[in-house]
Amino acid sequence: MDRRKTRHGVLIAISAFACTGSAALAQWSTIAPNHVGNTNTGSVGVGVSTSAFMFGKLSVLGDGAGASAIWTRSLVTGGAGVYAESHQTGGTAVFGTAGQSTTGQAIGVWGISASPNGVGLVGQTSSPTGFTIGVYGQSTSASGYAAYFAGGRNYFQGNVGVGTTTPAVPLHVIGNISTTGLRTASTASAVNVTGGVSGNAPGLGVQGSTIAGGGATGAVISEVGANTNSVYDHAGTVGGGFANRAGEDDASLTDQRGATVSGGVSNWARGAFAFVGGGNTNTAGGLYSAIVGGFNNATILGQDYAVIMGGNANTAGSFAMVGGGQTNAATGQFSAIPGGSLNTAAGANSFAAGSQARALHARAFVWNGHTQQVDTSAIGQFVVNAPGGLFLGSTSSGAIAIGAGDFIATGTGASLTTGGVWANASDVALKENFRAVDPADVLARLDALPITRWNYRSEPGGVAHIGPTAQDFHAAFGVGNSDRTIGTVDAAGVTMAALQGLHALVKDKQREIDQLKADRAALEARLERLERLVADR
């Protein structure tokens, strides 16, 4: 049979027909210019010798090595190598083209186009109802391909469904997804999302995990060899980095659930709902514990709500906090170390700062500015070791000035000297409303002031003091800002004024004594003269 051009521009070459005899050949006739038709109501087979291979009006069998059952080519603009239509408007399975591969690595349908605007394979369905398919491919062997797309670009218009025949979005997937950088796996009640290298994976049975990326299959940085990211408990998260773990690889999937490592290297969120932000070799070991970053930091395993902000080789226990620094250990419950180095807050509610400050007792506070270790010795101590001096108060200048002879300087002008003497502020520039006092009156008031021996209730009974009460002192002299305290400057001022009054009294008495002495001397002189007169008679 010669090649003839069909209505759709498809060139069909038929080299042999499975029919014999003049009666069969008579069924083929020219039905229009360049058109050949067959009015036979049966089927035509090419290379077919048995009805077992007759599947349609035209059945072609290619049984030679590399042979194609049907080979078509279109060389005209707008033509198609194979054009198949299905115009059935009802039913549930209407196919424009169906290709099937049943053995080995055979391909059910193969379309090739070499023209600039050509199409290797076209499938179209136009029925508004029913389960209509433009192109249907099926492979019944494990190694076959129902459809195979290789090279170039692939374009899909409309919604594409994987695992669903009713896609609602451009890509609608029911089931798991696995790509080079992203995998999803549905579980009974949640979805695991895994990105990064192929070795990143949730533990067996884990649900609701996320590994956003990262991982390494080789040495990427000097500290890390082949290390991947893992989630071992439900709802765990690893954001990225290398060799990071969320949860613990044990028999339970819930005891360390909800743990998170944002990134970094070799970090481990080991407690339930624990968090590691980043850094290197950090371990958050307790419930709701957190390490923001740094290197080689750890919250104590089994001790909860601990926080380490950063630094190096820091440790925190239950409800404790380390702000940073190096080799600090806040192991007491509710203890805190803001930073520094080699500090210890071992007592509950204790605080240590500086360097080598050790708050070993509950509710103790230690600040150490010395190069030598400083320890607390009792509960509730407030210890400040400041070799350069201590300033208390406020100042308007940028730098705090502590005098060379002062140990404690204050913003009020008072100070404690390095010799142990408390010096009150008494600068004339700090004073106003000067008025003279009557020393004799002050002396009289002081003379009337009750002075007793007593002890403070907070001190041991054997510790005694002598002096007035603040109420009596305030009633007598009316100085100071409270009737519950006696200012040292007021006590000294009263004493000085009383001494002046006493000195005036002494001077008056001395004048009287001097006068009496003079009078006595005069009397003695008169007596001596009288005695001589009597003796001369």
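Among the criteria (1) more than 29 Å from Ala359 (Cα to Cα); (2) among the acidic types (Asp, Glu); (3) outside any helix (DSSP H, G or I), the one Glu459 does not fulfil is (1).
If you go through the range 492-536 and pick out every residue that is closer than 30 Å to Ala425 by Cα and small (Gly, Ala, Ser), you end up with 6. Across the range 394-412, the qualifying residues are those that are among the hydrophobic types (A, V, I, L, M, F, W, C) and loosely packed, with under 10 Cβ neighbours inside 10 Å, and the one among them that is farthest from Val489 (Cα to Cα) is Ala399.
Sub-6 Å Cβ pairs linking a first residue in the range 435-460 that is closer than 16 Å to Ala491 by Cβ to a second residue that is aromatic (Phe, Trp, Tyr) and assigned to a loop (DSSP other than H, G, I, E, B), at least 6 apart or interchain, number zero.
To keep it simple, each residue is scored yes or no on (1) out of contact with any helix residue (DSSP H, G or I) (no Cβ under 7 Å at 6 or more places or on another chain); (2) modelled with pLDDT under 95; (3) in a loop (DSSP other than H, G, I, E, B).
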position	(1), (2), (3)
Gly278	yes, no, yes
Gly302	yes, yes, yes
Gly354	yes, no, no
Arg358	yes, no, no
Ala362	yes, no, yes
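Test each condition in (1) in contact (Cβ under 8 Å) with a residue 60 or more places away in the chain; (2) of a type in the set (A, V, I, L, M, F, W, C); (3) touching a Gly at 6+ places or on another chain (Cβ under 8 Å); (4) within 30 Å of Gly389 (Cβ to Cβ) for Ile408 and report the one that comes out false. If we test Ile408 against (1) in contact (Cβ under 8 Å) with a residue 60 or more places away in the chain; (2) of a type in the set (A, V, I, L, M, F, W, C); (3) touching a Gly at 6+ places or on another chain (Cβ under 8 Å); (4) within 30 Å of Gly389 (Cβ to Cβ), just (1) comes out false. Just one of the numbered conditions (1) surrounded by 18 or more Cβ atoms within 10 Å (Cβ to Cβ); (2) without any contact (Cβ under 8 Å) to a residue 12 or more places away in the chain is not true of Ala346: (2).
Here the condition is being of a type in the set (A, V, I, L, M, F, W, C) and modelled with pLDDT under 95; of Val494, Val534, Val489, Val479, it holds for Val534 alone. Consider the range 426-465 and keep the residues that are farther than 29 Å from Gly413 by Cβ and among the aliphatic types (A, V, I, L, M). The one that is nearest to the chain's Cα centre (by Cα) is Val463.
Among the residues of the range 457-468, those that are surrounded by 10 or more Cβ atoms within 10 Å (Cβ to Cβ) and either at positive phi or touching a strand residue (DSSP E or B) at 6+ places or on another chain (Cβ under 8 Å) (or both) comprise Ala464, His465, Gly467, Pro468.
So Ser415 passes all but one of these: (1) of a type outside the set (A, V, I, L, M); (2) within 38 Å of the chain's Cα centre (by Cα); (3) surrounded by 12 or more Cβ atoms within 10 Å (Cβ to Cβ). Which condition number does it fail? Just one mismatch for Ser415, condition (2).
The values are calculated or read from the model by the stated rules, or taken from the named source; none is laboratory data. No experiment lies behind these values; they were computed from the predicted model shown. As a convention, Cβ positions derive from the backbone with ideal geometry for all residues, glycine included, and neighbour counts pool all protein chains shown.
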